[in-house]
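Q: The structure that follows is given in the form of structure tokens.
Computed from the coordinates by the stated procedures, all read-outs in this text should not be read as laboratory data. As the structure is a prediction and not an experimental result, all values here were calculated from the model. Here the Cβ is made from the backbone with ideal geometry for all residues, glycine too, and neighbour counts use every protein chain on show.
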Amino acid sequence: MKAMILAAGRGERMRPLTDRVPKPLLMAGGKPLIVWHIERLVRAGLRDIVINHAHLGALIEQALGDGARWGARIRYSPEGEALETAGGIARALPLLGEAPFLVVNGDIFCEYDFSRIGAAAEGMAGRSLLAHLVLVPNPEHHPAGDFALQGTRVLDEGAPRYTFSGIGIYAPALFDSVPAGARAKLAPLLRQAMRTEKVSGELFQGRWLDIGTPQRLAELDRSLHSRN
């Protein structure tokens, strides 16, 4: 299976840190945020990685290169101006192929075991699903959550509600309605698929952080350094 790391966001809430450094290259625990993802993906056997970028994207390519130092094979999907999540994924589809693929937000820190993704993808194929989402308990800054999880079904309405982690498996067909090069958000596509029961999910209760502010980045950095 191929994986994609979303790295095109401007990171407005992280300014001034992101004025000169793209958000995925911000340091935590002695390494860039995006490198934590790359290392975990490679450990799980996911070596073919696509990274999209826009803001200061050349710096991302310079820092990561072809990924060989981590045992990865990295290819890039430059956007110029960020195309939002669904638009960015749709643009990268020629690099991702025709099978379901994993997507990870570049601005999270998560200890989810990516080796579990293969079984989830097989389950999607068997049930003709368009997406499989990893949900997490609602953090303090997002108490209402995003979606409901009932068994293995993800719904737009209902309870209990959890927060979308930014980790998901998607079938290319989910993006059929997105024109090439167009800006498009992911949530409307997921909600449409939920209405036809085409989205499965699971709850991950391990360590997950949305690195959306300089304070959260600093807290993560202190926590990771305290482990060493």
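Q: Counting pairs of Cα atoms in segment 15-64, how many percent are more than 14 Å apart? Kindly include the intermediate steps, with their values, before the conclusion.
A: Values: 655 of 1225 pairs.
Of the Cα pairs, 53 percent sit more than 14 Å apart.
Q: Can you run phi through the Karplus equation (6.51, -1.76, 1.60; θ = phi - 60°) for segment 195-204 and list ³J(HN,Hα) in whole Hz, with x for Gly and Pro?
A: Computed from phi, the couplings for segment 195-204 are 5, 10, 6, 10, 10, 9, x, 8, 9, 9 Hz.
Q: How do 170-182, 136-148 rank on mean C-beta neighbours within 10 Å, highest first? Intermediate results must be reported in sequence, preceding the final value.
A: Numbers: 170-182: 16.3, 136-148: 14.4.
For the peptides 170-182, 136-148, the packing ranking is 170-182, 136-148.
Q: Quick one: Kirkwood hydrodynamic radius for the chain, alpha-carbon pairs, angstrom, one decimal?
A: Numbers: mean 1/r = 0.0563 Å⁻¹.
Radius from the Kirkwood sum: 17.8 Å.
Q: With labels modelled as points extended 7 Å from the Cα through the Cβ direction, what inter-label distance (nm, one decimal) is found for SER177 paired with GLN62?
A: Result for the modelled spin labels: 4.1 nm.
Q: How far apart, in nm, are the 7 Å Cα→Cβ label points at LEU203 and SER115?
A: 2.5 nm
Q: Please rank THR213, THR18, fewest neighbouring Cβ atoms within 10 Å first, as an exposure proxy. Show your work: numbers first, answer last.
A: Working: THR213 13, THR18 21.
Ranked by crowding around the Cβ, least crowded first: THR213, THR18.
Q: Using only helices, what value at 222 nm comes out for the chain when you add -39,500 (n - 2.57) per DSSP H run of length 4 or more and divide by the total residues, to the nearest 500 deg cm²/dmol? Write down the numbers at each step before the final one.
A: Numbers: 6 runs with 66 residues, N = 228.
Helix contribution divided over all residues of the chain: -9000 deg cm²/dmol.
Q: Over its Cα atoms, what ratio of radius of gyration to 2.2 N^0.38 Å does segment 113-228 give? Display every interim value, and only then the final one.
A: Working: Rg = 15.8 Å, N = 116, 2.2 N^0.38 = 13.4 Å.
Dividing the Cα radius of gyration by 2.2 N^0.38 Å gives 1.18.
Q: To continue, here is another question. Between ILE108 and residues 5 or more places away or on another chain, which pairs have amide H atoms under 5 Å apart, with H built 1.01 Å from N, and which residues are they?
A: HN-HN under 5 Å from ILE108: ILE211.
Q: Output wanted: per-residue J couplings in Hz (rounded whole) for segment 65-80, from phi through Karplus 6.51 cos²θ - 1.76 cosθ + 1.60, θ = phi - 60°, x for Gly and Pro.
A: The phi angles translate into x, 8, x, 4, 5, 9, x, 9, 10, 9, 10, 10, 10, x, 10, x Hz.
Q: Ok, one more. Label ARG10 and ARG69 with points 7 Å out from Cα along Cα→Cβ: what is the distance between them in nm?
A: Going by the 7 Å Cα→Cβ label model, 3.0 nm.
Q: Next question, about the same structure. How far is the Cα center of segment 173-228 from the Cα center of segment 12-80, in Å?
A: 16 Å
Q: Under 26 Å between alpha carbons, and skipping anything fewer than 8 positions from LYS198 in its own chain: which lysines qualify?
A: Of all the lysines, those that pass the test against LYS198 - Cα under 26 Å, at least 8 places apart if same chain - are LYS2, LYS185.
Q: With 10 angstrom as the radius, rank LYS31, LYS23, LYS198 by how many other C-beta atoms surround their C-beta, starting from the fewest. Show your work: numbers first, answer last.
A: Details: LYS31 13, LYS23 27, LYS198 20.
In order of increasing Cβ crowding within 10 Å: LYS31, LYS198, LYS23.
Q: Would you kindly derive the ³J(HN,Hα) couplings of segment 139-146 from the backbone phi angles with the Karplus curve 6.51 cos²θ - 1.76 cosθ + 1.60 (θ = phi - 60°), listing them in order in whole Hz, with x for Gly and Pro?
A: x, 4, 7, 9, x, 7, x, 10
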